[in-house]
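Below is one structure; the comments refer to it alone.
The values are calculated or read from the model by the stated rules, or taken from the named source; none is laboratory data. Because the structure is a prediction, the values reported are computed rather than measured. Cβ atoms come from the backbone with ideal geometry, glycine included; neighbour counts cover every protein chain shown.
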Amino acid sequence: MSDFRSDTVTRPTAAMKQAMMEAPLGDDVYGDDPTINRLQETAAEMLGFEAGLFAPSGTQTNLIALMTHCARGEEAIVGQQWHTYRWEAGGMAVLGSIQPQPLEHQADGTIALADIERAIKPDDSHFARTRLVVLENTTGGKVLPPAYMQAVSALARRNGLRAHIDGARLFNAAVALASAQGGDPYREARRLCDGYDSVSLCLSKGLGAPVGSLLLGTRDFVREARRIRKMLGGGMRQAGLLAAAGLHALQHHVHRLADDHANAHLLAQGLAEAVAANGSLRERVTVHPAQTNVVFMDVAAVCAAPLQRHLDAAAVRVTSGLQPTQDGRTRMRWVTHLDVGPDDVERAVGAVAAFH
């Protein structure tokens, strides 16, 4: 089985399991789990923040951030395809009573600065008070560059707003930038966060931990965020067992994300060549290039379901149909990660080539 559905499907490595078994434990609700405390302090220092908070999921750390930054009836500016808006079951509105103001994306994944500026509401009792700007990096596998990140944070400060990053795959962005410039991914990640009030960092995607995300910010922000986490049921007890996996991931799995990116580039190239050589797919499928570890393939409706069944029969698993394209095609998403390698890429390409 070659599983390209998501980088959430990774299993802990042997070294990660060993770190989990050896982790000293306490009660995190009382704040005395030493492994969780170490993880929070390590991540905060790594990315240039004062404090951190460990929670079960990225959906929860994003919601905690939104509810900490925004009061009931206030507004957060988000992207139409941001996870915080589209993929978190409406939590900001349902649980936080926060109004989302979604904006359209540009082709490169950014939201135009002018669109963000225009979306900020006047200080008038008729309007929800705009309080927060949210970005997502990477977004759809695309890297939002440091200059753009800095421009958005400056815009937020200029308008008296706070700024939050959904950095579920922040280290994928950092590794891509470091690879292009010959730099250090930890330094690039810190640079992407510069000027932001908070960031949510997922440990269970490309970094390969089984569970967990971190929310980073100031000490005062994290103190309030801890209260919100308790309200949402995210307080855990001897969760240092899980935090140890996240700590191992931050220390040992960041640089290796470059392997996932290389496999994604190999996959995109191989799929494009297989489609070009396949008369059943040539005019019906478009393969998009990869920037990080995500490859999108748009498939005409007439062959989308048969191709999905064919891949399933070939023991190649992909995510399909979550995000239809503007021209009515089905979008397939392939994600490379810790548990797929060149052999899996070869199998996937071969399966697409064999479709008829």
Looking at the range 169-176, is at least one residue in a loop (DSSP other than H, G, I, E, B) and within 20 Å of A249 (Cβ to Cβ)? yes
How many residues, within the range 327-356, are acidic (D, E) and out of contact with any Ser or Thr (no Cβ under 7 Å at 6 or more places or on another chain)? 3
Contact list, first residue from the range 269-286 and outside any helix (DSSP H, G or I), second anywhere and of a type in the set (D, E, K, R), beta-carbon distance below 6 Å, six or more apart or interchain, is T286/D298
Those residues of the range 1-52 which are surrounded by 15 or more Cβ atoms within 10 Å (Cβ to Cβ), in a helix (DSSP H, G or I), in contact with a Pro (Cβ under 8 Å, 6 or more places away or on another chain) and not aliphatic (A, V, I, L, M) amount to T35
Consider A272 carefully, then state whether it is at negative phi and not assigned by TED's automatic domain parsing to the domain that holds G141. yes
Looking only at the range 6-32, count how many residues are within 20 Å of G341 (Cβ to Cβ), of a type outside the set (K, R) and in contact (Cβ under 8 Å) with a residue 60 or more places away in the chain. 9
Neighbours by Cβ (under 7 Å, 6+ apart or cross-chain): first from the range 337-349, closer than 16 Å to S6 by Cβ and at pLDDT 95 or above; second among the charged types (D, E, K, R) and part of a helix (DSSP H, G or I): H337/D7; H337/D260
Residue pairs meeting the criteria (Cβ under 8 Å; at least 6 apart or on separate chains; first under 17 Å from I165 (Cβ atoms) and not assigned by TED's automatic domain parsing to the domain that holds R131, in the range 89-110; second among the charged types (D, E, K, R) and assigned to a strand (DSSP E or B)): none
Counting residues that are at pLDDT 95 or above and surrounded by fewer than 20 Cβ atoms within 10 Å (Cβ to Cβ), which helices (runs of 4 or more DSSP H) fully inside the range 57-159 reach at least 2? 91-94, 113-119, 146-158
Is the range 115-134 home to any residue that is closer than 30 Å to A264 by Cα and within 17 Å of the chain's Cα centre (by Cα)? yes
First in the range 179-199 and of a type in the set (F, W, Y), second anywhere and surrounded by 16 or more Cβ atoms within 10 Å (Cβ to Cβ), Cβ under 7 Å, 6 or more apart: Y186/M46; Y186/V254; Y196/S153; Y196/A163; Y196/H164; Y196/I165
Is it the case that some residue within the range 183-198 is assigned to a loop (DSSP other than H, G, I, E, B), surrounded by fewer than 24 Cβ atoms within 10 Å (Cβ to Cβ) and modelled with pLDDT under 95? yes
Of the listed residues (V254, V222), the one being within 19 Å of the chain's Cα centre (by Cα), modelled with pLDDT of 95 or more and not basic (K, R) is V254
When you check A290 against the structure, is it within 23 Å of the chain's Cα centre (by Cα), crowded, with 22+ Cβ neighbours inside 10 Å, assigned to a helix (DSSP H, G or I) and not assigned by TED's automatic domain parsing to the domain that holds A107, yes or no? no
